[in-house]
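Take a look at the structure set out below.
The values are calculated or read from the model by the stated rules, or taken from the named source; none is laboratory data. Just so it is clear, the structure is predicted and the values come from calculations on it, not from any experiment. Here the Cβ positions follow ideal geometry from the backbone for every residue, glycine too, while neighbour counts run over all protein chains shown. Side chains are part of the model used for accessible areas, which takes the heavy atoms of the whole protein and leaves out ligands, DNA and RNA. Shrake-Rupley method; radii C 1.70, N 1.55, O 1.52, S 1.80 Å.
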Amino acid sequence: MRTRRFHKLPHFSSALDICQSRKRLPRLRPVQLVAAESHVIAVYRWSDPSGNAAIFQAFVFADSPAPHPASDGICDLRLTHETSTEDCRSTLYLLRNSVFDPAIRATSMRILSFLGPENRMEYTCIDLTLPELSPNGSVLAMTIQTQPLLTFTFKSRSILNQWWSTTSNDGHLRGISRAFVRGTDRGSSARTHFIRKFSIDASKEICVTALGSVCQTAPTHSIPYTDGGETCVFDGFTGRMHHTRGEGRTNLEIIEFE
């Protein structure tokens, strides 16, 4: 019989040099979490007079329940690896799940970094390599390497406002992005919508990307916003967008992409 166990991140602590230089550590909260099969990656943003940095920490679940669990019954995750890098203000998603390589005795995973200011989109692959757990439980250093993937823009007057994607465990991603251009007439609320398809193959050492051309959507196939009682779900395996419109009743519409 399977039972549920709840876990939480412990209070922030670190043996990194940038943290040890302070006599008292601030109570940092993770700005992002990425859950893989083997680890939970927490990203903290660190600021000091010398500049800003991002601290990546990897946690694992305890091998067995704590002999004296907390009064609320929630166990702390265990910190196993950490490192620091330049400030990370992008959004992170799991791109390829964790894989253990017996040749180097390390676990690797890939994270997708997305940064989308206005009409520009930037995608970067972040490779994390975590050495095999230390038998004495000490916290080890992880390594970070990056690969630029995609950088593209829409028209100068366009505003990139949403994107959707589907990722498989082995590192394949298929997605679409949507931008709109406001009407040129003053006071006009008319908008012209554009979409762009893209895909990423991160299953091998060097990632391979494909970027489609910018296409204007037909008025009857305008992809809705998701902040007005509407729900959008993109299925990258079939290339279909499912969305609901709530105007007194809920209607399901399916948009198919080649």
Notebook entry, point to check: Could you give me the ³J(HN,Hα) list for the stretch 30-35, computed from phi with Karplus coefficients 6.51, -1.76, 1.60 and θ = phi - 60°, whole Hz, x at Gly and Pro?
Noted result: x, 8, 8, 10, 10, 9
Check: Once the Cβ-Cβ distance between Glu37 and Ala15 is put in as r, and R0 is 45 Å, what FRET efficiency do you end up with, to the nearest 0.05?
Finding: 0.95
Notebook entry, point to check: Thr146 to His242: FRET efficiency via 1/(1 + (r/R0)^6), r the Cβ-Cβ distance, R0 25 Å, to the nearest 0.05?
Noted result: 0.15
Next item on the list: Taking the Cβ of Gln145 as the centre, find all other residues whose Cβ is under 12 Å away and add up their charges (Lys, Arg: +1; Asp, Glu: -1).
Entry: -1
Next item on the list: Count the net charge of all other residues whose Cβ sits under 14 Å from the Cβ of Ala36, scoring Lys and Arg as +1 and Asp and Glu as -1.
Entry: -1
Notebook entry, point to check: Largest first, how would Lys197, Lys204 line up by accessible area (1.4 Å probe)?
Noted result: Lys204, Lys197
Notebook entry, point to check: Highest mean first, what order results for 167-173, 15-21 on Cβ atoms within 10 Å?
Noted result: 167-173, 15-21
